[in-house]
1. Answer with yes or no whether T292 is free of Cβ contacts under 8 Å to residues at least 60 places away in the same chain, of a type in the set (S, T, N, Q) and touching a Leu at 6+ places or on another chain (Cβ under 9 Å).
2. Suppose we keep only residues that are among the hydroxyl-bearing types (S, T, Y) and within 30 Å of L116 (Cβ to Cβ) within region 165-212. Which one would you say is farthest from ligand 1 (Cβ to nearest atom)?
3. Here are some residues: L305, L265, L281. Which one is of a type in the set (A, V, I, L, M) and within 22 Å of the chain's Cα centre (by Cα)?
4. Those residues that are at positive phi and modelled with pLDDT under 95, I need them from region 124-170; list them, please.
5. Does S321 meet the test of being under 20 Å from L227 (Cα atoms) and more than 16 Å from ligand 1 (Cβ to nearest atom)?
6. For region 227-242, how many residues are within 9 Å of ligand 1 (Cβ to nearest atom) and of a type in the set (A, V, I, L, M, F, W, C)?
7. Would you mind finding the one in L142, L162 that is buried (at least 17 other Cβ atoms within 10 Å of the Cβ), closer than 30 Å to W42 by Cα and touching a Cys at 6+ places or on another chain (Cβ under 7 Å)?
8. Search region 185-203 for residues that are farther than 19 Å from G268 by Cα and pair each with any residue that is within 10 Å of ligand 1 (Cβ to nearest atom) and not aliphatic (A, V, I, L, M) when their beta-carbon atoms are under 7 Å apart and the residues are at least 6 apart or on different chains.
Amino acid sequence: MTTPTIELKPTSHPLSDAEREAILASPGFGRHFTDNMVTVRWTEGRGWHDAQLVPYAPLSMDPANMTLHYAQTIFEGLKAYRQADGTVATFRPEANAERFQTSARRIAMPEVPVDLFIAACDALVQQDKAWVPSTGEASLYLRPFMIAAEVGLGVKPANEYLFIVIASPAGAYFPGGVKPVSVWLSEEYVRAVKGGTGAAKTGGNYAASLVAQAEAAQHGCDQVVWLDAVEHRWIEEMGGMNLYFVYAQEDGSRKIVTPELTGSLLPGITRDSLLKIARDLGYEAVEGRISTEDWKRDNENGTLLEVFACGTAAVITPVGSVKSARHHWTQGDGEPGEVTMKLRRALLDLQTGQAPDPHGWMHPL
Ligand code: PLP
Ligand code: COI
C-alpha cells in the first residue's frame, strides 16, 4: 500500500495577525489551536488514504463510534521551535513516529508509516508557521492522535481509523514556570503493570491517572509520582513526565540516574535525549532502579542532590518537595538545582538552534 500525499485545503478564514499575536503573547498550554489540521483515514483492505490539510473544525461523530466506548485511542506530543535564525524546526519527529507505531500495535490499531507521520506534522507546521512563537521558551506543541472511526458496539479492533494532527501554541506547562513542583508518592493507585499499556501512549492511561492526580492535589501536591505496581517500592515516573535523580559522588563528580524502562513506564523522548546530552556535558548518566527509601537517604549512587522531571510539554521541571502517606521532605534546598538548570538550558539551546545539534535531532522545515 502506498503512502498518500497530503492534499492542501487550508482555511480561507485564518485568525487575523492581531488575534493570533494576542494569543501568542500568553498561550498557556493546550488552550488555543491553530487555523488548520491534518486528517488521514485508514480503512481495512485499503490502508491509509484521503490525507488532507483542512481548516481546524469539530469532528462529527456517531454516538456509537467505537472510540467513545472502548477507548481505542493513542496520541503523541512533539514541538516545533523557532530557531535562532528565524526558521522553524521540530525535535526528533521520527522518534515520536516510532513510538506512535509502538502504541498502535499495543492496542491493535494500524501503524502510521513514519514518513506519513512526519509529512503530516510538517504540512501543518508549514501551513501554520506564523503560530510558532518567537519569544522565550514558547513553542508550537503538535498533537498527533488516532481514533477508531467504525460505528458499532462489538468489542473488536475497528475496521476504520482517523489519524489527525492538531497544533497548539505552548508557553509554560506549569503556571509557575520553572518553579519546583511538589510531588505525591501514590501508594493506593498504580499507573501500569508489565504487560499492560504503560509503555504506550494510550488515552486510557491518562484517564486512569486522573484520580491519583486528584489525590495528589488533595494532599497539596502538584503532581503524582507512580511506584511500581508489584512492590509499591520502585520509582517509575510522574504524571506526564519521566524522572531524573542527580547524585554527588565522593570525588565531587555528578551521577545522573533515571528509572530503567521496565515495560510499565513510558519511554520518554526527552528522557532519552537527556541521557545523551548529560553524557555530552561530561556527566555519568545511567538507567537504574531507585526505591522510595533511596529517595530519602544516601545510597550506592552517592548523595542525592537534585530531582527533576522531564517531558515534551513540561521540558525540565525541578522537584522541590516529596510527600507520601507517612513522610514529607524537601528535596535539597527546595530550589532548582545546578545540574537540572544546566541540562534544561542545554536542551532548550539545542531545540532553539542556539547550540550545535551533534545528534542530528532537529528536523528543519
Ligand atoms: N511519561 C508520560 C506518562 C508522558 O505522558 C510523557 C509525555 O509524553 C512522558 C513521560 C515524557 O515523554 P516525552 O519526553 O516523549 O514527551
Ligand atoms: C507530553 O509532554 O507530550 C505529554 O504527553 C504530557 C501531557 C500533556 C499529557
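1. So T292 fails the test.
2. Per the criteria, the residue is S168.
3. L265
4. G136
5. Judged against the criteria, S321 is a match.
6. Number of matching residues: 2.
7. One residue alone meets the criteria, L142.
8. Partner pairs satisfying both residue conditions: S186/W226.
The values are calculated or read from the model by the stated rules, or taken from the named source; none is laboratory data. Keep in mind the model is a prediction, meaning the values are calculated, not measured. FYI the Cβ positions are ideal-geometry reconstructions off the backbone, even for glycines, and counts take in every protein chain you see.
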